Amino acid sequence: MYALDRYENISSWKLKLVNKTAMRIGAGHAGLDPTEPDNSVIKQNGKPFIPGSSLKGVFRAHIEALFSEERHHCFVCGKRGFAPNKENRALFLRELDGEGFKLCPPCALFGNEFIQGRVYFSDFLLDRPASIAIRDGVGIDRATETAANQKKYDYEVVEPGAAFSGELLLINLNQAGEEYRALKLMVEWINLGIIRIGGSVSRGLGRFEATLEEEMPLGEAMKRV
Ligand SMILES: [Zn+2]
């Protein structure tokens, strides 16, 4: 039941994310443009965007916290020291569809070395031009958590009101199932401010309004093409 050798049911969520407070996903060393400084926000073709991997990471962390109890009983998470690897691969795959095999919702949704995830995140791209501002920051000494010599540094943020659109692809997820419901809950949590996206969230950055604009089975999507 966990193997994805059959795509029985694929649906697409078109999601829109509008930031209510400034947002910052730093380019850092992962920046695509080597001419951008380290304090810039991540951009694609000169425009800020939200990498699908960033959104997936945030969803995964919150869904893992939500199912912390279930993770104790999970074949992968619940067994200390059990991580699928070359040696135990055969055991893992043999037990995959066996009686009593239990995967927690985060494992079922996001997968591991041997199981494909069931949700894919596209990059979220701008719908309309966005403003970028430069903010003054104060360096924090992580050891003492005090401002380190009041050292100032500037960093880019995306101003509130930027609209990003992207897609989640849901594979073999039953709408009555807890994995599906957990994903829906994450959209609510974005709107409640429980989930914030990007960096400096403790300073109030990264609050978003999320709208699930369209949810359709892939069969419908194919008819439209
Ligand atoms: Zn698990």
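Each reported figure results from applying straightforward, stated rules to the coordinates on display, with no laboratory input. Every value quoted in this text rests on a predicted model; they were computed, and no experiment measured them. Because the Cβ atoms are built from the backbone with ideal geometry, glycine has one as well, and the counts that use them run over all protein chains shown.
Provide Glu69, Glu113 in ascending order of the number of other Cβ atoms located within 10 Å of each residue's Cβ, fewest first.
Final ranking by Cβ density, sparse to dense: Glu69, Glu113.
Which cross-chain or sequence-distant (5 or more) residues have an amide H under 5 Å from the amide H of Ala163, H modelled 1.01 Å from N in plane?
Result for Ala163 returns Asp127, Arg128.
Cut-off is 10 Å between beta-carbons; in what order do Asp123, Asp154 appear when sorted fewest neighbours first?
Asp154, Asp123
Counting only residues 5 or more places away or on other chains, whose amide H sits under 5 Å from the amide H of Glu214 once H atoms are built in the peptide plane?
Under 5 Å from the amide H of Glu214 lie the amide H atoms of Lys14, each far enough along the sequence or on another chain.
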